[in-house]
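In what follows, a single structure is set out as structure tokens and then discussed.
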Amino acid sequence: MLEDGDWIEYTIRTTVPGLYDLSLRVAGSQPGSVSIDALGRDVTGIWSFPSTGGAATWQTITRRVLLGPGQQILRVNVLKGGFNLNWIELAPAPAGPVVDGIYKILNRATGRAIGIGNESRLVTGNYTGAAHQQWTFQHIGGGQYRIRSTDNGQSWNNFGKAPHVTPWWGAGQDQSFIVVPTDSGFFRFLPAGTGKSLQPSTDEAPLLDREVYTGAGEQQWVIIPASVPPFPTGVTATESGSTSAIIRWNAVSGAT
């Protein structure tokens, strides 16, 4: 039986990075909790589970985790013990966080949309409804996606100085992108080969770049159907009383 402060480590090799369903087979007469580390970082947070009814009454609990590529140590930290652990299982997520379809992608911090610029590079700009700002998502397993332009059918590619689109595609780490939920309906994009998040370039705007994820709004995106109106811009609020304000914004085509 595992007690508070116990830990177990497993050496695993992730040949395909992405989202995995991590399952634990547990049994105990009281509630328990664990946290799971991979590559030295917490991938689950505090994972609590109720009593299963007894030390031999088994129940499988599952949580989705993001795993990077390569050999790594998977560590189970027992936060609240008093339970038995039978086995651990990892399986690629069968469905991605975004349903296959056609979307526009808007930045959380700026509201600007991803499109295609010069030399087929990915750029951000005001959303105009143009076909080069609309993207077809196809889940290929483990939270990884092929993302294609509805304008020319070309796919995102992470190879080279900046993300761009190319007419060829293969299920490689430069052309597959992991879509990871953050909060409040936003996501981040990780090229499967690097694990760094897409964001607007700080040096070569309006190009996109890849940086270590910090949680900044510039690294998060909303993925919404192409038919949905874009974010409003020019939002201002003027106090009109002790408990009220007048909010104004620029008109949005297609919105009421």
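A few notes on this one:
- Order by protection proxy (mean Cβ within 10 Å, highest first), peptides 175-187, 67-79, 205-217: 175-187, 67-79, 205-217
- Lysines whose Cα lies under 27 Å from that of LYS104, excluding same-chain neighbours fewer than 8 positions away: LYS161, LYS196
- Full-stretch length increase - SER120, ILE140 - with 0.36 nm per residue and alpha-carbon distance subtracted: 4.9 nm
- Rough spin-label spacing in nm, given labels placed 7 Å along Cα→Cβ, for ASP4 and VAL235: 4.4 nm
- FRET efficiency, 1/(1 + (r/R0)^6) with R0 22 Å, evaluated for SER184 and ARG63 via beta carbons: 0.65
- Here the Kirkwood formula, the inverse mean of 1/r across different C-alpha pairs, assigns the chain a hydrodynamic radius of 20.5 Å.
- If the chain linking ALA205 and ARG13 were pulled fully straight, counting 0.36 nm for each residue of separation and taking away their Cα-Cα distance, it would gain 65.4 nm.
- Largest first, the extents of the alpha carbon coordinates of region 121-166 on the three principal axes equal 32, 24, 17 Å.
- Relative contact order for the chain, counting Cα pairs under 8 Å that sit 6 or more residues apart, in percent: 16 percent
- Measuring nothing but how far apart in sequence close Cα pairs (under 8 Å, 6+ apart) lie, relative to its length, region 9-110 scores a relative contact order of 40 percent.
- Rolling a 1.4 Å probe over the protein heavy atoms of region 139-222, with every protein chain left in place, gives an accessible area that is 50 percent carbon and sulfur.
- Each peptide among 100-107, 40-47, 138-145 gets the average number of other Cβ atoms lying within 10 Å of its residues, and from highest to lowest they stand as 138-145, 100-107, 40-47.
- Residues of the chain: accessible area per residue with a 1.4 Å probe, Å²: 49 Å²
The values are calculated or read from the model by the stated rules, or taken from the named source; none is laboratory data. Note that the coordinates shown come from a computational prediction; the quantities given were computed from them, not determined experimentally. No Cβ is skipped: glycine too gets one built from the backbone with ideal geometry, and neighbour counts run over all protein chains shown. All accessible areas refer to the heavy atoms of the entire protein, side chains included, with ligands and DNA or RNA removed. Shrake-Rupley method; radii C 1.70, N 1.55, O 1.52, S 1.80 Å.
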